[in-house]
Structures are given as C-alpha cells and as structure tokens.
Amino acid sequence: MQARTLGELADYVGARVVGDPNVTIKSASTLGRARDGDISFLVNRKYQKQLRTTKASAVIVGKEVTEAAVPLLIAEDPYYAFMQIMVLLHGHRKHKKVGISPRASISDSAKIGIDCHIHDFVAVADDAKIGDGCIIYPNVYIGQGVQIGNDSIVYPSVTIYDGCKIGNRVIINANSTIGEDGFGYASYKGVHHKIPQIGGVVIEDDVEIGVCCGIERGTLGDTVIGQGSKLGDLITIGHGTKIGPHCLLVAQVGIAGSTSLGHHCVVGGQVGIVGHINIGNNVTIAAQAGVVNNIPDGQVVLGAPAIEANQGKRAYSMIQYLPEMRQNIRNLQSLIGQLTSSTGLGSETPGGQ
Amino acid sequence: MQARTLGELADYVGARVVGDPNVTIKSASTLGRARDGDISFLVNRKYQKQLRTTKASAVIVGKEVTEAAVPLLIAEDPYYAFMQIMVLLHGHRKHKKVGISPRASISDSAKIGIDCHIHDFVAVADDAKIGDGCIIYPNVYIGQGVQIGNDSIVYPSVTIYDGCKIGNRVIINANSTIGEDGFGYASYKGVHHKIPQIGGVVIEDDVEIGVCCGIERGTLGDTVIGQGSKLGDLITIGHGTKIGPHCLLVAQVGIAGSTSLGHHCVVGGQVGIVGHINIGNNVTIAAQAGVVNNIPDGQVVLGAPAIEANQGKRAYSMIQYLPEMRQNIRNLQSLIGQLTSSTGLGSETPGGQ
Amino acid sequence: MQARTLGELADYVGARVVGDPNVTIKSASTLGRARDGDISFLVNRKYQKQLRTTKASAVIVGKEVTEAAVPLLIAEDPYYAFMQIMVLLHGHRKHKKVGISPRASISDSAKIGIDCHIHDFVAVADDAKIGDGCIIYPNVYIGQGVQIGNDSIVYPSVTIYDGCKIGNRVIINANSTIGEDGFGYASYKGVHHKIPQIGGVVIEDDVEIGVCCGIERGTLGDTVIGQGSKLGDLITIGHGTKIGPHCLLVAQVGIAGSTSLGHHCVVGGQVGIVGHINIGNNVTIAAQAGVVNNIPDGQVVLGAPAIEANQGKRAYSMIQYLPEMRQNIRNLQSLIGQLTSSTGLGSETPGGQ
C-alpha cells in the first residue's frame, strides 16, 4: 500500500480535481466512515448529504457538487474510478507462495503448470491438468480429467467433479461444487431411476463464482458459464443451462436445466428461472422474480410470475389495496342493487361474493 | 461404451422400431446437438419440430410421428427407455478403486466393510460403521457412531455429524451436511439459549442428495428422508421433518421442522414449507410456492401463500391486471355517483379510495 | 445422562409440580413419541389434545390444564424450562479431546491457546490466532491473520478467509464460509472489474451459524454479526451488512450489502432484503418476504414487496379472489352500462377490459 496525491490519482484514472490536488490519499472508505487520508466515492444518491459531513480527504463524484466540503475527483464513471484506485492502493488478495505442498495428494498422471501453488490436503485425481500460475487452497478436490487454465484461483473445500473445464483467471470461492450430476431421473412405476449425466461443465475465462454454489453437469451437452460472468453466493445452475458472457447473478439465484441466458444479463438475488426457456441479451430480472417464459433482449422484468417491470411495479405494489378494492366492489354491488331495484331495471343482480 | 444397433436397443427396452433397425447407436444427445451415431429422444413437445432437422441416427418417441426424417424407437415411456439406453451405453460414473488410503484418518474403533474405497484426507470418527462397497471421496468427515449401509457414495467435503444413519445405495453429493443441530433455541429475557438436539437423521435406501444441502438432526426424534427420494442442490430440511419415500425435491427447497411429507410428492425449486404441518401423498408443489397449511393427498398447489393450482394459476396471473381493475373500480364509483345523484337515490356514496 | 425426579426438575427450573413429584425422568421427547421416563412439553396449542394420550411421564406446561392424564410441571416459560431440562439431562455435544493432531497443518506463526482440539487435515495459515478451549474439526481452513476467541467450535470443512474476527463461544457449522470477497464489481464498457474487498468480517460472541452459509467480507468496512445472533442454514449476508445482537435468521435468508438490522430481529426462512436499507430493532419479517424499504422498530412485515403484517395478511390472502373480483367488476360494468343507457345518462361508458 503506497500513498498517492489526489492529483496523481486523477492522472491515473483520467479524472479532474476540484480542490487541492496535493492532499495525500492512503486508503479508501465509505463517506460515513472515512478518516483523514481516505478517499471516498458517491454513486448512490442516498448518501449525497454525507458529502457535507464526511471526514474523507477527497471524494470521487460524477459531476461537481456544491455541497462538498472536501476536494473532489470528477470522473466520468466514479465507481469505475473508485475500482481503479482501490486496485492501485490495495491491490487484489496476495496469495502466499507455498509451491506444491507435500501434504497435497496429486496423481502421477496429473499435469501441473509452472508457478502453481497447491496447498495441503488438496487432492488432484488422474489426468487432471492445471495450467500455470494457479492457486489451489486446502481441501480442494479436483476430479479426474479436470482441466484448469492459467492464473485461476480455487478457494478451500471446492469440489470439481471429473472432466469439467475451467478457463483462465477463473475464481471459485470456498465450498462451491462444479460438475455434480444434473437432477435427472426417469420415474417409472413410482421409482426414480438415475440418468447418467454424460455432459460436462465449461467455466469460461474471467468468471468468478461465489461460495456454496452448485453448477450441475449436463445430461448430454455441457453446462456453460460464459466469459466474464460473475456469480454470487449459494447459486445453483441446472444441467445443460448456458449463461452467456458478462452476466451478473446475485446470490441465491436458481436456474433450472436447459435454459439459456444471453450476454450482459443481470439476475437479482433469489430469482428462480424455469428450465427450457430462452432469456435474451441485456435482460434484467429483479430480485425474487419467478421467470417462467422467454424474455426478449433488453427487457426488465419483476415479480412471480415475472412481468415487464413498469407494469409489474404498479401491479405488485397494488396487492396492498386488495382488501379495499374488494370492499369497494361490494359497496358498488350494493349500490347498484339499490339502483336497479329503484329504477325497476329487472331481475338481474350482481354476482355475489 | 459399446455400440449397438437400433434393433438391439429396441429389444433391450421392449420398444418397437419404425425405420431401419440396423443403424448403429454409439451415444445419446439432444435433438439439436445429435450427430451421426447418436440416439435422441422426444419428451417435451416444445422440441417436436426438431424431429425434421435432427442429425440423430434415431429418436425415441412415445408414438409414431409422421414428420420424423429418421428411424424411430416407439416406447411406451420414452424417457424411461432413454434412461435405460443411457445406462446401457454409458453406465453410471466409474469410481477409481483406491482401497483405503493411508492418508485417510480412520479411528481404530470404526468398522469398514469389504470393497470400500476411502480416499485421502477422509476422517472417520470413533465407532462409525461403513458397510460394503462404499466410496468415500476426499475431505469427507464421518462423525462418531455414524452408520452407512452398503454401496453408498459420499462425494468430497461432505460432513456427516455424529450418530446419523445412512442407508444402502445412498448418494450424497459434495459439500452437503447431514445431521447438524436443528435451529432450536429457547429465547428468554432477550437471549437465545441453545437446545440440545438429541434426535438424529435417517437417510433411507436409494436416496440421492445434491450439493450444499443441510439436513438438520431432530430435537427429540429423527429427521427422515424416505426411501428412493431425490433431493436437488442447496436444500435444507428442518429438525424432525419426515420426507416420505420416492419424493422429488428440486433445488433450493427449504422445509422447516416437524413437518411431514407423504410419498411421491414433487416439490419445485425454491419452495418454502413451514413447520408442523402435514403434506399428503402424491402432492405437487410448484416452484417458489410458500406452503403454510396442510395439503391433502394428490393436490397440486402453487403460489405464496400456496393455493390449489388451477385456482392459483388464474389468480396469480391476474396480478398484472390490478392497476386496470383499480381504475375500473374508480370509474364505476364515479359513474354510479353520477347515477345516484341523477336518480336522486339519496346520500349514500361509494367509499372513496 | 442421569435420571431425576420430577420434583428435582421443578426445583431446578423454578417450576411447580401438579401430580406425583416422584416420577423418574430420564430423557425428553415429543408428546406423540414420549415413553415411560420421558418428559414432554406443550408450547404449540396444536398439540394440546395429545395431553390426553401421551405416554410421557410428565409434561411441562405454561398453565394448569385439566385434560392432562399425567403429572405436570407448571413453568412460567415452558419452552425455556424444557431447554434447561434438556441441558441438565443430556448436555450439549461432547467433543473428543484430540489435542493438536499431527495431521493438521498449522503455521509456525499461528498462535493456538490452551486446551484446543484441532483435528486432522485442518489448515491454519500464518499469523492466525486461536483462543483457549476451541474445537476445530477436520478439513477446516483458517486463513491468514484470522482471530478466534475462546471456546468456539468450528465444524468440518468450514473456510474462514484471511483477517476475519470470530468471538468467544461462537459455533460455525459445517461447510460454511466466512469472509469471502463481497460481490463487488465496477462494470465498464461491458466488462465487470473486481473491486478489492478490504473490509473484514466480525462475528461477535455467542453467535451460531448454520451449514453452507456465506458471510461476505466488507468492501471497505466490516460485515458484522452481532452478539448472540443465530443464523440457520444456507444464509448469505452481503458485504458491509451489520446484523445487530440477538437476532434470529431462519434458513435460506439472503441479505444484500450495506444494510443494517437492529437487535432482536426475527427473519423468517427464504426472506430477501435489499442492500443499503435500515431495519430497526425488534422487527419481525415473515418467511419469504421481500424487503425493499426501511422498517421502523417493532414492526412486523410480510409479503413481497413486504408490507405491515396485519394489512399484508389480508392483502396477500386476497389474491385468490382476484378472478372473482375481476368478474364482478365486469358484471358491474355491464349492469351500469344498462343503467346508464336506460336512464339516458349520456355517452360515458366504463372503460373496457
């Protein structure tokens, strides 16, 4: 960690300083918690009023704001600038160079690239192939014939079943499982018979997977997590499902089998998506939605069942008025009953509830 | 993997060939991905049009279809026939015969049956008993007094707490936990006091459990997963709950404690079921439902709160019309207000919203 | 396990006996499963009728009940009395005293307190500090600089990332992960760039965490689980979120980042809570709710979107009447159309659906 002046940071991220460019920045923090030497950022408007009170030495913002009492870094994309500065000041996690632990169990037929660090109690099965510069933390299991590219990181207690293919610069967090059998049974006369799952899993380059996820192998083809996609914690992806590149899946999402997502989709927390449907590109699915139908490119949906977001926001927020609506209908029925009888309009009456 | 003729496969599964029985089948694939030598199948009507374009050498179908351009295998239950053919052509996962690894840690008082394969870094505690023909993958923990039957498979990093009973031919996938303490606390003066959970867990024969599941031990009696039931990934079963035989629980289901499910229930993904209720036999619960009441035998339910499915499908799909309905009610109120005043029907007015 | 008379138990918990104080109590069980020598309890009224038929030797109740056929222990708080008796009769789980296993891998720079028991295949990284009386089960990973207090229990295959702080008497169940990176990316020109997560995780004293949970480390500040809070299975807590003391979070809850919960909150199973909001003290959130707004102290909410519980119970239970309501509106529109035309009230007509 090396201190920089605000001016140096501005040069580094291509931003503009309003205020003293010579203030020293050592670390970053939130507006509310920052102290002298910290840079903070404003992305969520909710926190804008903290600009007046923050103890930060500088704040990254998207446009000049008058209420700020501190030097500002005006960046086109303040969150991206914040990321760049965080990487500059702190870097990513440093991994101890442990080499290949003698307490790891590595098959003679496995191939390990150069500059790999394989910790204690890792088991690497026959014919597995690990590229250069990988870090494999303790208690990981790498099954038979698994292939891992270069510079990937596998955190503790991850299990990768036989034959799965992991790309370059992939990060798999602790206790996740890649390539377990898909949930596939043929039910016959009341008994569920397991169907061999002969497909695999392909995790493309630059994917990150959270903790306690399960990525099922395909029944026949592969399950695919596309390049650059990021999965949060406790997510399960069904057999044969294909997630396109650069998607974001927030925690606890569940996607059934044989579904496809396009590129740059954003899937909120706890969303469920049924099998055998197609989700287009640039689709956004709000948290907890239940998706049961295809979604075209670019659409935003919410709710269970999921519907277009503007419509959905109005519709779901109206559930709270249901008792009132029902009472109003009853009142109308009563009134119209009176009107009908008083005007002598015959025997037709509103259907009772 | 051994090639067969379509005629041989027909004999094997008791099906009928329409077309050339001499085509050679080496593997299986989906209609869309199949190549020469592959057999495919049609179960989901959605894919029926692919019968015209598939490159498969044969397709398993339920009844003769005119549009098919390839030989057909007509089977009473095409998915069951597909399963049988998959097992014939590919078999289930082959497990390396590693014997008892010297890098496993097995208590002297544990009993291990014949033909077991216990991998590196497995810990088996005192008085545990493992039957014949079991496969225990790396980094598994088998607690004190645990009993496992014959021919069961325990994948990496599974934890089985003390005293749990696992049947024959059970499969427990990676990173799942069996027998952790139930979520039981007595709250007194604002502090939550842990209640000893002295019940156990019984996993009956032929159960399969997905990855990252948690099956709590009972507070007093046992938590039971009935014979032949199959659980997907990331499922949690509460203390003392009893799942009957031959149920299917899709991923991310959560069932609270002291609930019972009958036999042959199907529980969709992300369903939540409260504690202390009774779900009958042959009940089907749609994905994401929230079940708060008993369900009688054979019923199909959906929604949160869950209601009978036909009623529920209509009701939940109508949420999207709520804004329109509310507007219509307002229009009616306005109209009836005009009618009432014009007909001189007195002072009663519809309740305002 | 030592038998006691009912009278001794009454003295121990400060309760009153109705019936024979000399009956011997050896264990506890449910009303339905109890046998001679068991004490049972009645908390949930649903089971009250079992008081007539139970085979228990005594039952703990809150007030005298006439239908009981067995001796009663009248306690102010029967569930708390039951907990005390369970601890007296059975105690909590006994952990084998294994010392520090030579098959564990413990860094020379790690500090281990007295009377710790560290099992096989545990990896403890540099500068980690474990207090006195801790039990660390097999296949646990304790990252660099992690601090654990006294008398804590870490079950198998738990992973604690670098720098996390765990208090005293904390219990972390199997396959859970503490301190993985928060789900933080800056998306720029279609690519998601990982933001270093330099915050930590603080698990305060007396917390219990279920299996397969993921507690993300903060981006800048710490993620905090407050003293005495209890988390069920498969829960995920986002980066920088702060859970106050003495909260209960039931299984499969997901809370996004930078949210705060007060003290004594109860969060039902499968609840989702968005990021950047404030939940007050003593808040109760019903199972499966979706919380998107701040909640004031003491409020009870349910539903998705979550609303106040009394209102919500009526509103959500009314979804089943939507088809009927919509039909009634149509009927009213038709009737009012007739009325309007018959009374000659002009051309205005109700909006068609």
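All of (1) out of contact with any strand residue (DSSP E or B) (no Cβ under 8 Å at 6 or more places or on another chain); (2) under 22 Å from C:Gln2 (Cα atoms); (3) among the basic types (Lys, Arg) hold for C:Lys55 with one exception: (1).
Has region C:204-212 got at least one residue that is in a strand (DSSP E or B), surrounded by 24 or more Cβ atoms within 10 Å (Cβ to Cβ) and under 24 Å from the mean Cα position of the chain (by Cα)? The answer is yes; a qualifying residue exists. Taken together, A:Arg45, A:Arg35, A:Arg93 contain a single residue that is within 25 Å of the chain's Cα centre (by Cα), more than 18 Å from A:Val18 (Cβ to Cβ), modelled with pLDDT of 90 or more and of a type in the set (Lys, Arg), which is A:Arg93.
Residues of region A:48-58 being within 13 Å of chain C (Cβ to nearest Cβ) and either under 16 Å from C:Gly221 (Cα atoms) or of a type in the set (A, V, I, L, M, F, W, C) (or both), which ones? Hits for region A:48-58 are A:Thr54, A:Ala56. Restricting attention to region A:101-117, the residues that are β-branched (Val, Ile, Thr) and under 22 Å from B:Val98 (Cα atoms) total 2. Which ones in region C:66-79 are within 10 Å of chain B (Cβ to nearest Cβ) and either assigned to a loop (DSSP other than H, G, I, E, B) or without any contact (Cβ under 8 Å) to a residue 24 or more places away in the chain (or both)? Those that are within 10 Å of chain B (Cβ to nearest Cβ) and either assigned to a loop (DSSP other than H, G, I, E, B) or without any contact (Cβ under 8 Å) to a residue 24 or more places away in the chain (or both): C:Glu76, C:Asp77.
Among all residues of region B:109-117, there is none that is among the hydrophobic types (A, V, I, L, M, F, W, C), more than 14 Å from chain A (Cβ to nearest Cβ) and buried (at least 24 other Cβ atoms within 10 Å of the Cβ).
Go through region A:197-206 and give me each residue that's more than 7 Å from every other protein chain (Cβ to nearest Cβ) and of a type in the set (A, V, I, L, M, F, W, C). If you could, list the steps in order and put the result at the bottom.
Step one: list which residues in region A:197-206 are more than 7 Å from every other protein chain (Cβ to nearest Cβ), which gives A:197, A:199-206.
Residues satisfying the conditions are A:Val201, A:Val202, A:Ile203.
Just to be sure before I move on: is B:Gly298 more than 10 Å from every other protein chain (Cβ to nearest Cβ), at pLDDT 95 or above, more than 17 Å from the chain's Cα centre (by Cα) and assigned to a loop (DSSP other than H, G, I, E, B) in the structure I sent? So B:Gly298 passes the test. Selection of region C:49-67 for residues being farther than 11 Å from C:Gly32 by Cα and surrounded by fewer than 20 Cβ atoms within 10 Å (Cβ to Cβ) yields C:Gly62, C:Lys63, C:Glu64, C:Val65, C:Thr66, C:Glu67. Answer with yes or no whether C:Lys111 is farther than 17 Å from C:Ile203 by Cβ and in contact with a Lys or Arg (Cβ under 6 Å, 6 or more places away or on another chain). For C:Lys111, the condition - farther than 17 Å from C:Ile203 by Cβ and in contact with a Lys or Arg (Cβ under 6 Å, 6 or more places away or on another chain) - is met. Condition first: in contact with a Lys or Arg (Cβ under 8 Å, 6 or more places away or on another chain), over 15 Å from B:Phe82 (Cα atoms) and more than 7 Å from chain B (Cβ to nearest Cβ). Now tell me which residues in region A:172-196 satisfy that. Result: A:Gly179, A:Asp181, A:Gly182.
Within region B:207-255, the set of residues being within 14 Å of chain A (Cβ to nearest Cβ) and on the phi > 0 side of the Ramachandran plot comprises B:Cys212, B:Gly228, B:Leu234, B:His246, B:Gln252.
If you filter region C:129-154 down to residues that are among the β-branched types (Val, Ile, Thr) and not in a strand (DSSP E or B), you find that the one that is surrounded by the fewest Cβ atoms within 10 Å (Cβ to Cβ) is C:Val146. Within region B:242-257, the residues that satisfy the criterion of being surrounded by fewer than 24 Cβ atoms within 10 Å (Cβ to Cβ) and part of a loop (DSSP other than H, G, I, E, B) are B:Gly244, B:Pro245, B:His246, B:Gly257. If a residue has to be over 15 Å from C:Ile209 (Cα atoms) and either surrounded by fewer than 20 Cβ atoms within 10 Å (Cβ to Cβ) or among the aromatic types (Phe, Trp, Tyr) (or both) to count, how many in region B:174-195 make the cut? Number of matching residues: 5.
Taking the conditions exactly as written (within 10 Å of chain C (Cβ to nearest Cβ) and modelled with pLDDT of 90 or more), does B:Ala309 satisfy them or not?
Here the answer is no, as B:Ala309 does not meet what is asked.
Residue-wise test of (1) acidic (Asp, Glu); (2) under 21 Å from the mean Cα position of the chain (by Cα); (3) within 12 Å of chain C (Cβ to nearest Cβ).
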| site | (1), (2), (3) |
| --- | --- |
| B:Ala104 | no, no, yes |
| B:Phe121 | no, no, yes |
| B:Ala128 | no, no, no |
| B:Val154 | no, yes, no |
| B:Gly163 | no, no, yes |
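B:Leu332 - would you say it is more than 7 Å from chain C (Cβ to nearest Cβ), assigned to a helix (DSSP H, G or I) and within 22 Å of A:Ser317 (Cβ to Cβ)? Judged against the criteria, B:Leu332 is not a match. A Cβ distance below 8 Å, combined with a sequence gap of six or more or placement on separate chains, defines the contacts here; from region B:277-302, residues that are within 16 Å of C:Gln320 (Cα to Cα) reach residues that are in a strand (DSSP E or B) and hydroxyl-bearing (Ser, Thr, Tyr) in the pairs B:Val300/B:Thr284; B:Val301/B:Thr284.
Filter region C:86-101 for residues that are assigned to a loop (DSSP other than H, G, I, E, B) and within 16 Å of B:Ala125 (Cα to Cα); which is farthest from the other protein chains (Cβ to nearest Cβ)?
Step one: list which residues in region C:86-101 are assigned to a loop (DSSP other than H, G, I, E, B), which gives C:91-99, C:101.
If we keep only those that are within 16 Å of B:Ala125 (Cα to Cα) too, we end up with C:93-99, C:101.
On the way: C:Arg93: 7, C:Lys94: 9, C:His95: 10, C:Lys96: 7, C:Lys97: 12, C:Val98: 10, C:Gly99: 14, C:Ser101: 8 Å.
Restricting to residues being assigned to a loop (DSSP other than H, G, I, E, B) and within 16 Å of B:Ala125 (Cα to Cα), the top hit is C:Gly99.
The values are calculated or read from the model by the stated rules, or taken from the named source; none is laboratory data. The structure displayed is predicted, hence computed values, not measured ones. Cβ sites come from the backbone with ideal geometry, for glycine too, and all protein chains shown count toward neighbours.
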